[in-house]
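Note sheet for the following structure.
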Amino acid sequence: MPYMNIKDKIRRWEREVKSRFIGHEQSIHIMILNHLHSRSTTLIRAPHGLGKSTLMLLVLKGICGDDFVVVSGASEVKRGEVVGRLHIPSLEKEGVERVLWAAFVKSRGKALDEVNRLNPYTTANIHHLMQFGEVWAYGKKAKVSDYLLVANENPIDATSFIHPQPFYDRFDICIFLRSLTLSEKFQLQELLDKYEGNIVDSMPQILTFEDLEEARRQVSEIELDSDKMGIINLIVRDLQACIRDKENSEVKPPALCEGCHFTRDICSKIKEPLSERATVALTNLVKATEWLDGECKIDDILQMAFWILPHRLSLVKTKNIPTDIREILEMERVKMADRDARRQWAILNELTKKFNYSIYKLAREAAVEDVVFAEELIKMEDKWIREGLLRRDETLSSQMGWKNLRYKDVIF
């Protein structure tokens, strides 16, 4: 199939969804981009009645037609519906345990409606499927073929179960839906009249799953340049780093931050750091953007980071999650501009090649304001001390009173 034809189909898939779902154009674009890698997963969050299920079904119908499976937390979900059940005749007649794998396991299009209402046992099975690409039942294992999975939930629903954070971490991105403005309500009414109330049923299948696999193959072959990979890794690391090792400490911010030099830095706002899946998710989005949109700038990467964070970050103080995340990303934007002004990474690169005491003093001054830069410099300081190029009392650790902090003690 011609290269551009696949892109045209992907773009049409997006247009057809947008033509049936009012508002949220940027969110829909991110959803489409997100599904351009294998075993993709999207989580939609919103209060009841804002179109979570509608958007989920529109996206799936564009690829799978009616050939997808919905598991709903609003109903009593049994093990056999999600994973599989025993074939009783085989057990009775032959004494053989044969598993009939559930349609949810075998389907390429998977949907989870009202995830917050799924019982913990069902969630555990789905978690295992997303994590390992396999399911187990009655001692038998089945590999799960490539798929796209879209889920939705209302976290403030009174009937919600509390699911573990690692489960949500398996979702690549999180989309928030808002209520419609006055003018958008009129647009919705026009849509309902146009499709006689059957907006979802009107959605055509635009691609086959084989088409999607070809698009995913082409996206996987995109190679990002070192600058983009550097930005991706730096964003994630800035949201992980803690000079006091919060990852392994039983004391968490804000108590952990008392007396710390970096109390006004981004790290002080984050209670639990990101996992490395955030790096993978953001990398996939950047690759898909370069493939479909033709380019992805540094500002685009910062904007796309918004979609990988809400369901992964645990903040010290939370007022409004989307607003809180945007404030943190704005701090990150300022921080990156400051690093560029200081030429921090160029300085570090020079020190990597050869130790120079004058350049080292510039690096040490910058590290006082930057925990990620500081941990990289601390790692190099230990090497220079062993080589006799630097005295212990001259190091950044000694200057800042971090006497017990060495490279081996800092999480990387």
- Task: Pop out the ³J(HN,Hα) list for region 319-332 in order, Karplus 6.51 cos²θ - 1.76 cosθ + 1.60 with θ = phi - 60°, rounded to Hz; leave Gly and Pro as x.
- Result: 10, 9, 4, x, 5, 4, 5, 4, 5, 5, 5, 5, 4, 5
- Query: Of I359, I232, I22, which has the largest mean-square fluctuation in a 10 Å C-alpha GNM of the chain?
  - Reply: I359
- Query: Between I44 and residues 5 or more places away or on another chain, which pairs have amide H atoms under 5 Å apart, with H built 1.01 Å from N, and which residues are they?
  - Reply: A151, N152, E153, I175
- Item | Candidates L362, L129, L58: whichever shows maximal mean-square fluctuation once the chain is modelled as a Gaussian network with Cα springs under 10 Å | L362
- Message: Rounded, prolate or oblate for region 139-214? Axes are the square roots of the Cα gyration tensor eigenvalues, ordered a ≥ b ≥ c, and the cut-off for rounded is a/c under 1.5.
- Response: oblate
- DSSP loop GluC sites (Glu not before Pro) with at most 16 other Cβ within 10 Å excluded, longest remaining stretch of the chain: 98-195
- Task: Round to the nearest 0.05 the FRET efficiency obtained for V368 and R333 when R0 = 25 Å and r is the Cβ-Cβ distance.
- Result: 0.75
- Note on the structure: Calc'd 3J(HN,Hα), region 199-210, phi into Karplus 6.51 cos²θ - 1.76 cosθ + 1.60 (θ = phi - 60°), Hz, glycine/Pro = x, comes to 4, 5, 4, 7, 6, x, 7, 9, 10, 8, 5, 5
- Task: Rank the residues S145, S226 as a footprinting-exposure proxy: fewest other Cβ atoms within 10 Å of their Cβ go first.
- Result: S226, S145
- Message: Quick check: pseudo-label points 7 Å beyond the Cα along Cα→Cβ at N233 and D157, how many nm apart are they?
- Response: 4.1
- Between R98 and residues 5 or more places away or on another chain, the pairs with built amide H atoms under 5 Å apart involve H87, L91
- Once both labels are modelled 7 Å past Cα along the beta-carbon direction, what's the R392-R98 spacing in nm? 7.1
- Item | Gyration tensor over alpha-carbon atoms, the chain, equivalent ellipsoid semi-axes in Å | 44, 26, 22
- Which number gives the lysine pairs in region 263-371 that have C-alpha atoms under 24 Å apart and are eight or more places apart or on different chains? 12
- Query: In the Gaussian network model of the chain, springs joining C-alpha atoms below 10 Å, which of T159, T123, T283 carries the largest mean-square fluctuation?
  - Reply: T159
- Item | Backbone N under 20 Å from the R326 label point (7 Å along Cα→Cβ), restricted to region 162-176 | 173-176
- Length-normalised contact order of region 91-207 in % [C-alpha pairs under 8 Å, at least 6 apart]: 26
- What is the magnitude of the charge dipole of the chain about its Cα centre, with +1 placed on the Cβ of each Lys and Arg, -1 on the Cβ of each Asp and Glu, and no other charges, expressed in debye to the nearest 20? 740
- Query: Can you list the residues of region 10-50 with backbone N under 17 Å from a point 7 Å past the Cα of N198, pointing along Cα to Cβ?
  - Reply: 20
- Plugging the Cβ-Cβ distance of T318 and Q26 into 1/(1 + (r/R0)^6) at R0 = 22 Å yields, to the nearest 0.05, a FRET efficiency of 0.45
- Task: Compute the relative contact order of region 3-220 as a whole-number percentage, counting only Cα pairs closer than 8 Å that sit 6 or more residues apart in sequence.
- Result: 34
- Percentage of Cα-Cα pair distances in region 101-242 greater than 19 Å, rounded to whole percent? 71
- Item | Helix axis angle, 357-367 relative to the chain longest principal axis, alpha carbon, degrees | 50
- Relative to the present Cα-Cα distance, how much length would full extension add between S220 and L188 at 0.36 nm per residue of separation? 7.8 nm
- Task: Excluding residues on the same chain fewer than 8 positions from K110, give the aspartates and glutamates whose Cα lies under 12 Å from its Cα.
- Result: D66, D67, D146
- Taking 7 Å along the Cα-to-C-beta vector as the label spot, tell me the E76-E258 distance in nanometres, rounded to one decimal. 5.1
- Query: Can you tell which of T279, S397, M203 lies farthest toward the positive end of the dipole of the chain, using +1 and -1 charges on the Cβ of basic and acidic side chains (Lys, Arg; Asp, Glu)?
  - Reply: S397
- Using the Karplus equation 6.51 cos²θ - 1.76 cosθ + 1.60 (θ = phi - 60°), what ³J(HN,Hα) coupling, rounded to whole Hz, does each residue of region 11-16 give in order, writing x for Gly and Pro? 5, 5, 3, 5, 4, 5
- Query: Taking a point 7 angstrom from the Cα of D67 along the C-beta vector, which residues in region 186-216 have backbone N less than 15 Å away?
  - Reply: 205-214
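Any read-out appearing in this document is the output of simple, stated calculations on the displayed coordinates, not a laboratory observation. Computed from a predicted structure; not experimentally measured. A quick note on method: Cβ atoms are made from the backbone with ideal geometry, for glycine too, and the neighbour counts reach across all protein chains shown.
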